[in-house]
Structures are given as C-alpha cells and as structure tokens.
1. Name, by its number, the condition in (1) within 18 Å of residue 89 (Cα to Cα); (2) assigned to a helix (DSSP H, G or I) that does not hold for residue 132.
2. Taking residue 214 as meeting all but one of (1) in contact with a helix residue (DSSP H, G or I) (Cβ under 8 Å, 6 or more places away or on another chain); (2) more than 28 Å from residue 160 (Cα to Cα), write down the number of the exception.
3. Within segment 23-46, is even one residue part of a loop (DSSP other than H, G, I, E, B) and either surrounded by 10 or more Cβ atoms within 10 Å (Cβ to Cβ) or touching a strand residue (DSSP E or B) at 6+ places or on another chain (Cβ under 6 Å) (or both)?
C-alpha cells in the first residue's frame, strides 16, 4: 500500500506539473495568436497603403502621358530619324485632321498649323520582326490630341484588311498607357464576356456581350466581376 501510495503521489505530482505546463502553453498560444492577429492587421493596413500609393502613382503617370499618343502604321523604317518621323506625323496625321476641323468649323479657316508648335517629340520604339513600327507622339496641347481622336476616322486614309477583307483605318492611334493600365486593358480584352474595350483619358471602359451599357474601370484592382456586379 505504501508503494502504491508513493506511486500515486508521484503520478499526481506529474499530472500537476503537466497541468501547469499545459496552462503555460495555453497562455503562450493565446499571446502568440494575439501577436499574429496584430501582425496580420498591420500587414493588411500596409497592403492598403501600398495599393493606394500604387493607384496614385499610376494616375500621375497616366496624367503625364495625357498628351502622348501611340501610332501604328506610319511609313517609317528602323533608320528613320526623329526629325523624319515628326515630319511624317505632321504630314500624314495632323494636317488632314486640321483640314477636317476647319471644314467642320472647329478651327478658323485662317488657322495655320505649325509643326514645331504642335509636336513636342516623335520617335519610334522597337517592334518585333515583320511588325509595323509604333511611333510615340507627344503633343504640346491637349486640343490637338482631342482633334486627332475626333477626326481620325473621317480625315485619315483607310485600307482594306487582307484577313477580314474589311475597310479599316490605315493608322491605328491609341492613348499611351502606363504598363499597369495596359496590362489591365489586355486582361479585359481577353475576357470572353467582354464585347468591346477601349480607353478614354487613360480610363478603361468596356461593354458586355449582352449589353450596350458602358462600364468604367476605376482602379487597378478592378475585375470584370467587381465592376459589373
């Protein structure tokens, strides 16, 4: 009996020790959980700040490109100088647009377009082999940019597409988008639920296949589902 009692006392002491250890572990686990929750909350807050800053930087970058256009289809070569490119842009794009604006009384007949006053810079960017060379055109005034988009269909030449056999504009003119906005535009363009997608003043807009409603993308985090819900 004495041996059994001694063993029971030993076991009870062990159990008490285990209870104490378990209690301490629970306290540590609770503290750890609280610490993890605090870290997660801090990370979530930092993620929100980073997201807001990313949006702000992208908007500023897009605003800086507001007078910049990307033109594809101009008769230039890899050896064309910036001066030659500027002359071609002025001759093939700006002059026809100015004439159309005059005919529609958007510009006075006496207005004489001067190349050096309308074009800030114009240069080519690398293109894949056998692909048209894109031109980046930076204009001095937003009004010139607006006239180009308003009259490009009516004033600029057209060609017949060899693939679709349909008539289309000889020159493709787009807004110069930031990398982030351009990537987001491509994601909407690749969505099979989207009928058409375009940009206006750097903001993505699109239509669904089953609707003529124009949806606006307001943030880089926006998706098709979040916009149309």
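1. (2)
2. Single failed check for residue 214: (1).
3. Looking only at segment 23-46, we keep the residues that are part of a loop (DSSP other than H, G, I, E, B), and these are none.
For segment 23-46, residues part of a loop (DSSP other than H, G, I, E, B) and either surrounded by 10 or more Cβ atoms within 10 Å (Cβ to Cβ) or touching a strand residue (DSSP E or B) at 6+ places or on another chain (Cβ under 6 Å) (or both): absent.
A short reminder: the numbers here are calculations on the coordinates, not readings from a lab. Everything quoted here is computed from the prediction, not taken from an experiment. So basically every Cβ, Gly included, is an ideal-geometry build from the backbone, and we count neighbours across all protein chains shown.
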